[in-house]
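This report refers to the structure that appears directly beneath it.
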Amino acid sequence: MMQKALDRVVDALDVETFLYAADEEEARSLAEQLAAELNLPHGDVVFLEYKGFGARVRIRSYIHHPGDRYRWLERGSSK
Amino acid sequence: MKKVLLAPLDPVHDNAVKLLKRKLSEAGYDAIAMRPGTTSEEVIEKALEERPIAILVSRTLGYKVAETLGRLVDLAEASGLREMTRLGVGGMAITKETGGELGFDACFTGELNMTEVLAFLEGKPVGLQTAGNAVAERQKPNIVQGFTYAFKDKEIETLLDGIVDQILEWVKGKTSPGIERAKLRAEMLAEGISLRSPAKVSLTQQRLREQYLALCDDTIRAFYLTDKLPAGVRWLAAAEIEAMENLLGSAKARYSPLRHVGEKPLFFSQYGTGCPVMDVMHIKVAEAWGVDGVLHFDPSWGAQCEGLLEGYLSHEHDGTILTLENLKFIRHAQEPATLWNVRGHRGLNTPETQVLGHAAGADLFKINIPYGSTAGGTDPQRLTVDGVYSLRLAAEYGIPFDIPGNDELSGVPPFKTFAGILIMVALGLKLGAKPIPKPLLCYSPYMTIYGRMDDNMIDMNIAKLMVWREIVDAPVWPGEPVGFMTHSPERVQSSMMTAVHAALASSMGVDAVTIASSDEAYSKGPISAAARVDTLRAVRDALRFQGSVQLTPTPRALTLADEIHDGICEVLKTVAERGDFVASICEGLLGNEEDGLYPGRIGAGTVSGGRL
Amino acid sequence: MKTVGFAGTAKNTGKTTTALHVLQAGKEAGLRLALTSIGYDGENRDNVTGLPKPRYTLQPGMLVATGSTCLRSSTAIVRAIEETPIHTIFGQVVVGEVTYPGTVLLAGPNRSSDLQHVFDIFTSLGCNLALVDGALNRLVPMTCVDGLVLSTGAAFDQRISHVVEHAGALLRLLRMPVIRDEVPVNSGLWVEFKDQTSCVLGYGSLIGKNLLDTLLRTLIAPVKKIYIPGACDPHLLKLLIDQKADLLRGALMLFRSPLHLVASGDPLLWKEIFPLLEATDIQPSSLQTPQVFFMTVNPFYPRYLDRNGMYEAAYVDKRELLAAACNRISEIPVLDIFQPPFPDVISLINYFAELPDVTRSLC
């Protein structure tokens, strides 16, 4: 069966963007909401800087944690 | 002289062709460059006249350009050129796939790589297949080569002599569970025995096992006696190890050093994700992006626990468990020329770590008694005894050891940290080992509290590097990593701070540099592979920007270097006068409570023998 | 073993789709099939336009010749049988047999001599039909195949009249008379004069002003036969005829293969040359030429979007395109793989000689 591209993410998946928001609190909550909307497991705001009308933000989700069973390893098993 | 025809096949741009012409001429080829706007027919006509060994086409790619390049290839075939002339294409937008689709013999993607171009001209296959060759031919660098270790500051040399003699006198006849386990481990390795061998138990194994377990903490004993794993640890399945080896078997990246000029500094990355398989992936990423070496980090609890585990073990938190199997697996995955450091500068397993590291193929150790026996570390008595034994092992194995100065992070001023490092330098030399001091380039609490870097971060860092050149002819390896406490979780900022520190160190002619990832300041999760790439890319470009330019110290940097130098002398005088190294640590002569430093307590009361 | 090359007049003219169609038909006919490429093929998306591309999906028992590194990126499992000495950007060319179905990345030999080597291996492995995926607008390596299937369409030009005009001219060129003639082996450009003397020029091609000048200086007596084994620029040939019409009148003008002429100039340019040759009583012929089994037309083209610099899929009127092509081309069948009629492509390829007159009636 064809592997999902997500299975090939070695460890973390970061989403970077600029969020229009009224204040830092809203920006943070929007960042968390964004992670949920994108179905990112355990999305964490790595970086958020709010200035005036919006925030530069980086959200991270670990697709594979060290110690997990990595789905990208399956390629090594099949060949 | 072999001829090479260079064709821009572009209406305007031919910069790549001009560059290539110069480089090929330097390499001894007769490079014939055609003008921009040359047609495919003109290229072939010229080739029929000149009979070059190769035609190299440089071109950016647009929709119809592909047809033009394809036509050139077909025309070359039609005119019978391909039997003796090979065709290569390159350009920023050209991909390997496009080159293949158009029927070229070689495709040069990304920035100009002369090694690849020359290999192609010499008739070797280019592309994925040559990737491994360059790596295999690369020699493993030797950081300590060429250094005399002669002291330029004779006063410091005399002071250190006295301190070292006192240390060696003090450790005489003393031992610890750590040293005894190291001896047992060495015996086990010599006998080919492991504590978990499922096969018939020999009398020797039985004896070694009993003796070893008697020297271990409960957690380790439980592992061997009842198969109980410490919290957060799991066995790695053979299939996982095998799958990773299979993955590596089919992938090899071309080594491309981070340095733009010269052979130094060597660049090191730290790893220790907890999982050896993930570590290997991170090491391969770091190697692919240009590191020369990697440093193994073990879990913090491993340093606080008497005894080491065995087998392929994965750990779900930071730090990868020190076992012979884990270490060998990690070493095996590295490129042969990659330098590998196994740290054991602190903790209760310092001597045994050197034994295992040596057995697994380590190139470098990491030992620092004053740093390891403060700030939540090991008891100073214990680490002094273990440290000296470890230095003897390093000397016996011929493995250099580096001495990190990370106690600065607690708030210790550089001159105190450096005095401690110097004691380790002298102690190592006395025992026949090769030390490598590691001054930390950082924005430490001492700097912020006393405003030493309020104007800039260059003068102090330059001073910290200069002072080493004034004192002793030894390699200097700023770490660990450079730019400590200047990083934020913002990846551009973080990568840039690492890059400027790396470039600064490089301009000062250091021998090696340990660099962070852009996740350095992110504490809520493990370092990601992508974060390693961020920093390595930034360092590469900073070094490209800087080239061989060297910085001239400002008057302020010179003053700061003098201050540090004087400070070191003062500290060493006090330690020498105190006449007791262990007491000097305990009493804060190398860093006191005000500096944020407290003597370590782990393993207190475990040293035996000699006069305590 | 029958060997068939698939060539397009441009990217995205549908040659892979056509080859897949033939592959499927060959499988249904129970043939032992083999596949290779003279370029690189097998990505999900076109590497210039970014638009989705058809993929080669192979079934167990099929043979394939491709670069060693491509095998690792294929989802099909291929048992390597023979490693050839042929190097490509994607590693050494390996001939293998598919043991587990899936997609295959193709990167085979890119020179005709190497292609012949791969054919020899396919033959030794009992292959009945070998398909060669053509590279972009590159035909010369196809010199050694038995026949070609051409693909053209709106990706070549969105003007239907231009597409069919070009296709007609291309076909006319490819169907140049073939004669068996004695020519010096590995010769350069060779001229035999009516007085039985002959001379050889170092270069086998007529390309570039200097080579034309050399040839002009050489032609000093009436010519019986002139052989141009390499490339031949149609503009230069026109100049040659203009200046030496009297000496060339009645001569036999021999080329290695019409594929060499396609590589040398646009078929529409060659179309203008033929009346000139006729008027001067020069007989153009070639030593060898692959048959053209049939042609496919494809209404698809990638439309460039100025607003974002990307491409989108677009189509010309498919019925109009097919009708216009059938109307213009009477010599061989013209099909649109996705439009009726759907003739048996294996019979078009295998039994061309016995083929009933399907050409015009198909439309």
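Just so it is clear, none of the values below were taken in a lab; they were calculated from the coordinates. Computed from a prediction, not measured in an experiment: that's the story for all the values here. Positions of Cβ are generated from backbone atoms using ideal geometry, with glycine treated the same way; all protein chains shown enter the neighbour counts.
If each residue of separation counts as 0.36 nm, what is the full-extension length gain between B:E210 and B:N456 once their alpha-carbon separation is subtracted?
Gain on stretching B:E210 to B:N456: 82.7 nm.
Taking 0.36 nm per residue of separation and subtracting the Cα-Cα distance, what length does fully extending B:R469 through B:L19 add?
Stretched out fully, the B:R469 to B:L19 stretch lengthens by 158.1 nm.
Find the relative contact order for chain C and round it to a whole percent, using C-alpha pairs within less than 8 Å whose residues are 6+ positions apart.
That works out to 19 percent.
If you fit an axis through the alpha-carbon atoms of helix B:238-249 and take the longest principal axis of the Cα set of chain B, what angle between them do you get, 0 to 90°, nearest 10?
The angle comes out near 40 degrees.
What does the structure give for B:100-111 when I average, per residue, the other chain Cβ atoms found within 10 Å of the residue Cβ?
6
Hey, quick one: spin label on A:E16, modelled 7 Å out along Cα-Cβ, who in region A:47-79 has an amide N within reach, i.e. under 16 Å?
Within reach of a label on A:E16: A:47-50, A:55-61.
Shielding by partners for A:54-63, please: the mean number of other protein chain Cβ atoms within 10 Å of each residue's Cβ.
2
Out of residues 5 or more away from C:V292 or on other chains, whose amide H comes under 5 Å of its own, with H placed 1.01 Å from N in the peptide plane?
C:L148
Note down the relative contact order for chain B as a percent, whole number, built from C-alpha pairs under 8 angstrom at least six residues apart.
Once divided by the residue count of chain B, the mean separation gives 14 percent.
What is the distance, in nm, between label points placed 7 Å from the Cα along the Cα-to-Cβ direction at C:F338 and at C:R303?
Reported label-point gap for C:F338 and C:R303 is 1.5 nm.
Between the alpha-carbon centers of region B:180-247 and region B:403-464, tell me the distance in whole angstrom.
38
Using the alpha-carbon atoms, what tilt in degrees (0 to 90, nearest 10) does helix C:160-174 show relative to the longest principal axis of chain C?
Approximately 60 degrees, to the nearest 10.
How big is the antiparallel share of DSSP beta bridges in chain B, given as a percent to the nearest 5?
That works out to approximately 15 percent antiparallel.
Mind giving me the nanometre distance, one decimal, between the label points for B:D541 and C:K194, set 7 Å out from Cα along Cα→Cβ?
7.3
If you count the DSSP beta bridges with both ends in the protein assembly as shown, what percent of them are antiparallel, to the nearest 5?
40
Could you order peptides B:406-414, B:296-304 by the average number of other Cβ atoms within 10 Å of their residues, highest first?
Per-residue Cβ counts within 10 Å, averaged per peptide and sorted highest first, yield B:406-414, B:296-304.
Roughly how many nanometres apart are two label points built 7 Å out from the Cα toward the Cβ at B:Q139 and C:A80?
3.3
Sort C:303-312, C:234-243, C:261-270 by the packing proxy (mean of other Cβ within 10 Å over each peptide's residues), most packed first.
Output ranking for C:303-312, C:234-243, C:261-270: C:261-270, C:234-243, C:303-312.
For B:L168 and B:V549, calculate 0.36 nm times their separation in residues minus their Cα-Cα distance, and state this gained length in nm to one decimal.
132.8 nm
Among the listed pairs B:K18/B:K46; C:K238/C:K271; C:K27/C:K318; B:K21/C:K209; B:K172/B:K430, which have their C-alpha atoms separated by more than 23 angstrom in this model?
C:K27/C:K318; B:K21/C:K209
So what is the 222 nm mean residue ellipticity for chain B from helices alone, if each DSSP H run of at least 4 adds -39500 (n - 2.57) and you divide by all residues, rounding to the nearest 500 deg cm²/dmol?
Taking each H run of at least 4 residues, the total per residue is -14500 deg cm²/dmol.
Count, for each residue of C:68-76, the Cβ atoms from other chains sitting within 10 Å of its Cβ, then give me the mean as a whole number.
The mean count of partner-chain Cβ atoms within 10 Å per residue comes to 2.
Which value in deg cm²/dmol, rounded to the nearest 500, describes the helix-derived mean residue ellipticity at 222 nm for chain C, given -39,500 (n - 2.57) per DSSP H run of n ≥ 4 and division by the residue count?
Calculated mean residue ellipticity at 222 nm is -9000 deg cm²/dmol.
Calculated FRET efficiency, C:A323 and C:Q24, Cβ-Cβ r, R0 35 Å, to nearest 0.05?
0.85
Can you tell me the 0 to 90 degree angle between the C-alpha axis of helix A:24-37 and the longest principal axis of chain A, rounded to 10?
The answer is roughly 30 degrees.
Sort C:31-39, B:564-572 by packing, meaning the average of other beta carbons within 10 Å per residue, with the highest value first.
Ranked by mean Cβ neighbours within 10 Å, highest first: C:31-39, B:564-572.
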